[in-house]
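Have a look at the structure below before the remarks.
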Amino acid sequence: MHKSLLILTGHSKGLGRAILDIYLQKDEFEILAISRTKLGLNNPNLTEISIDFGDLDVLENELSGLFPSGDYEEIILINNAGWIGEIKPVGSLQVKNMRTQVNVNLLTPIYMTNAFVSAYKDSKARKIICNISSGAASKPVEGWSGYCSTKAAIAMFTKVAAKENNDSQFRFFSVAPGIVDTQMQEEIRHADELDFPQIERFKSYKENGDLSTPELVAAKISYLLGNENEFQEVIQDVRNFDLPS
């Protein structure tokens, strides 16, 4: 019998894949991983589900049955799936892309968090919800209106949920992962300079080796969630703490 359960979204690449790899090494964890793309990994502790978070009809239909029941000591939800979206100024954005971005970055983690709290409110397990936000939640960046605003919204949603559950066994975190060397950064570096004035700064992060590896950031997130009593605030940034040596 697994003592712990991890539910992870966006596990097929980047930071999500690195988080998955860390928890696959923890034998006590049963893992439910949800992405548009399945990895097809052969691991008895892992169940993969394919859902396209850009189109929420499937998620709405499956939500009630997504969350396994069991006698767990610990249940963790990591809402990691995210999309940088179109890097263009306001006035040049496509409606369809804006809707997809809100679905992936904001409505998916809201739906998942709401269903998670509903499913496990009577469980005696230690329960943690970790929504992956961004430093962009509190800093306007030209060309990122959708990304900044959806990340700011999920950070505020997480703070409200934490306030509502102040006396319960739920812990809520909104975690900024810093600037991570993933496919998203590659997309950012290929933006049009007219749409994204800060492109040279983001190119220099890669050239100067200033990007964090997904593995390091995943290890820090795992440490935070495993030692949540050391972290009292809802809003966290992995750049603000080091792993113990």
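Of the listed pairs Lys88/Lys203; Lys13/Lys127; Lys88/Lys220; Lys13/Lys96; Lys13/Lys220, which have alpha-carbon separations greater than 27 Å here?
Exceeds cut-off: Lys88/Lys220.
In terms of modelled amide H atoms, which long-range or inter-chain residues lie less than 5 Å from the amide H of Ile34?
Leu8, Thr9, Gly10, His11, Ile49
Would you mind checking which residues have amide H under 5 Å from Trp83's amide H? H placed 1.01 Å from N; only 5 or more apart, or other chain.
Answer set, sorted by chain and number: Asn105.
May I ask you to give the percent of accessible area on the chain that is carbon plus sulfur, with a probe radius of 1.4 Å?
On the way: 5750 of 12150 Å².
Summing carbon and sulfur atoms, their accessible area is 47 percent of the total for the chain.
Name the residues whose placed amide hydrogens come within less than 5 Å of the amide hydrogen of Leu5, ignoring near sequence neighbours (fewer than 5 apart) on the same chain.
Glu30, Glu74, Ile75, Ile76
Report the Cα centroid-to-centroid distance between the range 87-134 and the range 148-167 in angstrom, as an integer.
Using only Cα atoms to place each centre, the spacing works out to 10 Å.
For the chain, would you read off the P(r) tail past 21 Å as a percentage of all alpha carbon pairs?
The share of Cα pairs beyond 21 Å in the chain comes to 57 percent.
Under the 0.36 nm per residue contour assumption, what length would be gained going from the current alpha-carbon distance of Met156 and Glu62 to full extension?
On the way: separation 94, 0.36 × 94 = 33.84 nm, distance 2.56 nm.
Computed gain between Met156 and Glu62 is 31.3 nm.
So what is the calculated 222 nm ellipticity per residue for the chain, using -39500 (n - 2.57) for each DSSP H run with n of 4 or more, over all residues, to the nearest 500 deg cm²/dmol? Kindly include the intermediate steps, with their values, before the conclusion.
Details: 8 runs with 91 residues, N = 245.
The per-residue figure over the chain is -11500 deg cm²/dmol.
Roll a 1.4 Å probe over the protein chains and send me the accessible area per residue for the range 176-245 in Å².
Numbers: 4010 Å² over 70 residues.
Result: 57 Å² of accessible area for each residue.
Once Rh is set to the Kirkwood radius over Cα pairs, what Stokes-Einstein translational diffusion coefficient, in µm²/s, holds for the range 145-230 at a temperature of 4 °C and a viscosity of 1.567 mPa s?
Result for D is 84 µm²/s.
Give the angle, between 0 and 90 degrees and rounded to the nearest 10, that separates the Cα long axis of helix 14-24 from the longest principal axis of the Cα atoms of the chain.
The angle comes out at about 20 degrees.
Quick one: the Cα spread of the range 171-214 along its three principal axes, in angstroms, biggest first?
42, 22, 15 Å, listed from the longest principal axis down.
The values are calculated or read from the model by the stated rules, or taken from the named source; none is laboratory data. Remember, it's a predicted structure, so these values are computed and weren't measured experimentally. Ligands, DNA and RNA are stripped out before the accessible areas are found, and what is left, the full protein with its side chains, is counted by its heavy atoms. Shrake-Rupley method; radii C 1.70, N 1.55, O 1.52, S 1.80 Å.
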